[in-house]
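Just so you know, all these numbers are worked out from the coordinates, no wet-lab data involved. These numbers come from a predicted model, not from an experiment. We place every Cβ from the backbone using ideal geometry, glycine too, and count neighbours over all the protein chains shown.
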Amino acid sequence: MAAESEYTVRTWQSILSTASVDNSQSMQLITLLTIGTCVYAFVLIGAIRVLRPDRRQTVAALAGGVAASVVAVAIEGIAHSQGLWNYRDNDTPVGPVLIHPLNAIIFAIVALIGWRIGRRFGMRGEAIWVSTVAIINPPGDYFAAVHWLGIIKIDRSMLPGLILMDIAAWGILSAVALAVMNRVAERPKATTSP
């Protein structure tokens, strides 16, 4: 038993001593994504407390967030294949694994807020909410992913197309999250027996 633990310690020491700068940057990215996911999870809990959805709406918002996150993977693949961006750490079409739970939480929050707006202002309010989210978030994406975190490499000549694609992606993903939430949260209609 002691020999196994000593071997494990030596193995980890050798792994950590041979870590390169890229591995260090990758660990920083993992740490930042983990912290971001935790922060947004607390924001989601706060949104649930403030917006007061019942269990059905809460589960529906989470389902909408997961659905939007799955569609986001497809959008990332399309953008990568069109040459709009590449990830610095690898050349895979989709981003780091930890970004997908973060996306699910973010779009669950978007769906919850859209649900509350829809209850007050109807379909028009939801459409304005989705449009607002689509227009406001791309600059944040650009500065966070390219400048602050540095996880994406983009060709400057592709920037106008990337901005338009990001606006469309935020609109599509917000609409997917809200549509799935509304569908899952809808109460079954009572059937009448003859």
Multiplying the sequence separation of A41 and R156 by 0.36 nm and subtracting their Cα-Cα distance, what value in nm do you get?
38.1 nm
Evaluate E = 1/(1 + (r/R0)^6) for I48 and R124, where r is the Cβ-Cβ distance and R0 equals 25 Å; express this FRET efficiency to the nearest 0.05.
0.50
Cα centroid separation, the stretch 38-75 to the stretch 79-122 (Å):
12 Å
So for the stretch 23-185, considering every pair of alpha-carbon atoms, how many percent are separated by more than 25 Å?
31 percent
Quick check on the exposure proxy: order I45, I109, I128, I75 from fewest to most C-beta atoms within 10 angstrom.
I45, I128, I75, I109
